[in-house]
Each structure stands twice: as structure tokens, then as C-alpha cells.
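Enquirer: Take this structure, written in C-alpha cells, and hold onto it; I'll ask about it next.
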Amino acid sequence: MASSGKRRTTVLVGVVAGAVLVSGIGLWATDSWPFRDTYCWGAWEQNSGASFLGDEALGKSGSQRRATESAPPSAGLPHGTCTLAVTSEAEDDDSDQPLTFKEQITLEYGPVPAGAKERRSWIAQYFHGSASPLPDGLDGLVAGDRAMLVLPKECDADGRPSAVTIRSESSGDGHLGKVAMPFAIGNTAEVGRMLLDAANTTMEKAGCAPDKPLHTTSPMVTVAEDDERAGSPLCRIPGMTFDFGEGSRYQQQVGTVTDRLQTCSVVWQTAREPDEPSAQYVMARRPRLVAVFDGLPAGAAHGLLRTTCGGRPTVFYGNVETGLKGRGRPDDRRVFDRFAGSVGRRIGCGGGEDA
């Protein structure tokens, strides 16, 4: 009898195990918890929020989604990079080879770049006029194709503030060559959620997470204006004038305008290149945002003025790249001075007074 009881127990265990296995297969097939795919050290989960994470992104022929991760950030190595890409293909009527498409987002954790040139390039990407500020006192900016959050001081590394960034890129490749295409990850609320999920995950890995995870309760406030043809005055500030030349494709984006942050970007629009600023102007007076500009050469000649406004450290920043350099009227420095002076008066300080 005892032997018979053992056999019944073994059979029962086998049946239960089989049921669990079948149930597990069902959960996997329907993409239910706990078998959803996760990406970027567990920061993001399949079918959670932005369409890029869901089934919609896999609707094209031959679509595949794949993440590639570095080692996660840690206290000893406060750097990390993760890419999440969706590839697909389609028939090319003019070639035997198919057209291939790739949409990709790159998540990075680490200190802002050390070199002045690299730092300016980083600022150009993430203080872009198309981006809206995060609400509820968080030091970041979010657009449909990019996002940035400057992390608390506890996460500083190599003497520089650390940040989490997200950036998208997309391309099509066929018999005519590779062509860059616009690609939005999602709306600002969806991208903002992805940014905070990434920040909370990477800070925990790096050992500098605050007691409570970062979150927002207020809605995102989007920038007031779409991009428009760059003209005079630039950034809608009297006296900011450039010679854009005949047949100009320069567009300006008047971004956020608050007493803590103001942005404006000018880009040369072309289908084959990212819309990175040819000229950019920023006022920041939140401590963590101000810290991003530490280490850059200061002074009006360098397009960076530091002052104290209302008891708050404040920076005024301007950068002009090749193509527009030397085309300010009467000169680039005077254009920057007019930005600093006008914005400084608006927020109640001298603006242009070097501290």
C-alpha cells in the first residue's frame, strides 16, 4: 500500500508539473507576466507604455526586436550603454535585394563628457528646443526622439554630474544607399516614463539611488510652438539677428520659456542628417542643470556667462556651429549678449554680468 501511495504521489506531482509547464507556455505565448521580455538591465518591459516596446513595432515584414547591453553601471564603473533595435525588411521594386529598415533607441548612463567639444555636442542634443522640461522639480528634458535627466549629486562621477539619456535613430538601406529617417519613440509622456524607469534602474545598479524612486505626478507641459523658419528676430528676442542667406532651410524651435530654463535651437533641415542645432541658446538656473556647464570656458567670448540671479546660480549659454559661425549681426558675440541681456531682464537679473 505504501508503494501504491508513492506511485500516486509521483503521478500527481507529474500532472501538476505538466500543468504548470503548459500554463507557463500559455503565459509566454500570450506575453503575460512573468514571461514578458525585459530590456536594458530590466528597465523596460515588453508591452509597457511606448509603442516601440509593444507588438505594434513588430508589425512589419520580418520584424525582430533585440537589445544589446554593456555591463550594468556599478559604483566602480559608473557607465552603461544599451541599444534596443527593431529591424524589418520590404521588397524593393527596383532591386532584387530587399529594403532593410532599422529603428533604434540608445540608453546611456554616465557622467557628462569631459572635453569641451564633446560637452557642447551633448548639450546640443539634449537641451534642444523641441524638448519639454520634466515636471515636479526633475532636472531633465523630454521630446519624442530624445530625453535627458541629470541625476542627483550622489551619482556624480569623475568630478562631473551623471545623466541618463535616451536617443532614437532610424534608417532605411537599399540600392540607393542608406538614408536617415525621422523616428519618434512615443509621445513625451511615454518617453518621460521610459526615462524615469531607466534612471531608477541604473541608479540602483550604480548604488546611488535615492530612498524613493523618481516619479512625476504632474502632466508634461509641451513646448508652445512647432519649428518655424528662422528669421529676425531669432528666438523671438529683439536684436538677435543672423544672415541666413538666400534659399535658407534654417528652422528655429523656440523651446521652453520659464524662470528656471529657456531654450532655443536653430537647425539646417535635411532628410539625410539629424536635426542638430547650428545655433543654440540656453538659460538655466536649476543647480543640477547649471552643473552641466561646469568646466566649459566662461566669458562672453566663449558664449557662457555665469551670474547669480535671485540667489540662484544662473548660466547663459550660446553656441554657433560651422555654417552659421560669423553670420551674426553685427557679430556672433553681440547676438549672444542680446540673448543674455533680454532673458536676464525677463527673469529679474542683470543677465550678462559675469560672476
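The values are calculated or read from the model by the stated rules, or taken from the named source; none is laboratory data. For clarity, every value in this text was computed on a predicted model and none was experimentally measured. As a convention, Cβ positions derive from the backbone with ideal geometry for all residues, glycine included, and neighbour counts pool all protein chains shown. Protein only, heavy atoms only, side chains kept; ligands, DNA and RNA dropped before computing areas. Shrake-Rupley method; radii C 1.70, N 1.55, O 1.52, S 1.80 Å.
Enquirer: Going by amide H atoms built from the backbone, whose H comes under 5 Å of the H on C264, apart from near neighbours?
Expert: G255, Y281
Enquirer: Report the far tail of the P(r) of the range 109-214, meaning the percent of Cα-Cα pairs longer than 25 Å.
Expert: Above the 25 Å cut-off, the range 109-214 has 26 percent of its Cα pairs.
Enquirer: Before I look further, what does the range 226-349 give for accessible area per residue, probe 1.4 Å, in whole square angstrom?
Expert: 44
Enquirer: Enter the per residue convex hull volume of the range 191-268, computed from alpha-carbon coordinates, in Å³ rounded to the nearest integer.
Expert: 149
Enquirer: Further question: Is there a quick way to get the dipole size of the range 47-190? I mean about its Cα centre, with the Cβ of Lys and Arg at +1 and of Asp and Glu at -1; what is the value in debye to the nearest 20?
Expert: I would put it at about 660 debye.
Enquirer: Please state the shape class of the range 46-115: rounded when a/c is under 1.5, otherwise prolate if a/b exceeds b/c and oblate if not, all from the C-alpha gyration tensor.
Expert: Note, shape of the range 46-115 comes out prolate.
Enquirer: Additional query: Using only the Cα atoms of the range 192-333, what semi-axes does the equivalent ellipsoid have when each is the square root of 5 times a gyration tensor eigenvalue? Give whole Å, largest first.
Expert: 31, 20, 15
Enquirer: Dipole size in debye (nearest 20) for the range 136-175 around its Cα centre, Lys and Arg Cβ +1, Asp and Glu Cβ -1?
Expert: 60
Enquirer: Can you tell me the length gained on complete extension of the stretch D158 to S70, counting 0.36 nm per residue apart and subtracting the Cα distance?
Expert: Working it through step by step, the gained length comes to 29.7 nm.
Enquirer: When the accessible area of the range 240-332 is computed with all protein chains present and a 1.4 Å probe, what percentage of it is carbon and sulfur?
Expert: Carbon and sulfur: 49 percent of the exposed surface of the range 240-332.
Enquirer: Once label points are set 7 Å from the Cα along Cα→Cβ at both V221 and T322, what is their separation, rounded to one decimal in nm?
Expert: Label-label distance for V221 and T322, simple model: 3.9 nm.
Enquirer: Which value does Rg/Rh take for the range 48-192 over its C-alpha atoms, Rh per Kirkwood?
Expert: Radius of gyration relative to Kirkwood radius: 1.03.
Enquirer: OK, next. Along the positive direction of the dipole of the range 101-226 (beta-carbon charges: Lys, Arg +1; Asp, Glu -1; about the Cα centre), which of Y126, A206, A116 reaches farthest?
Expert: In the range 101-226, that residue is A116.
Enquirer: What is the distance, in nm, between label points placed 7 Å from the Cα along the Cα-to-Cβ direction at T308 and at L77?
Expert: Modelled inter-label distance: 4.3 nm.
Enquirer: Tally up the carbon and sulfur contribution to the accessible surface of the range 137-196 as a whole percent, 1.4 Å probe, everything protein left in place.
Expert: Its accessible area is 53 percent carbon and sulfur atoms.
Enquirer: Probe of 1.4 angstrom, ligands and nucleic acids ignored: what's the accessible area per residue over the range 61-207, in square angstrom?
Expert: 44
Enquirer: Below 13 angstrom from the Cβ of K153, what's the summed charge of the other residues (Lys, Arg +1; Asp, Glu -1)?
Expert: -1
Enquirer: Then there is this: What is the ratio of the Cα radius of gyration of the range 269-330 to 2.2 N^0.38 Å, where N is its residue count, to two decimals?
Expert: 1.33
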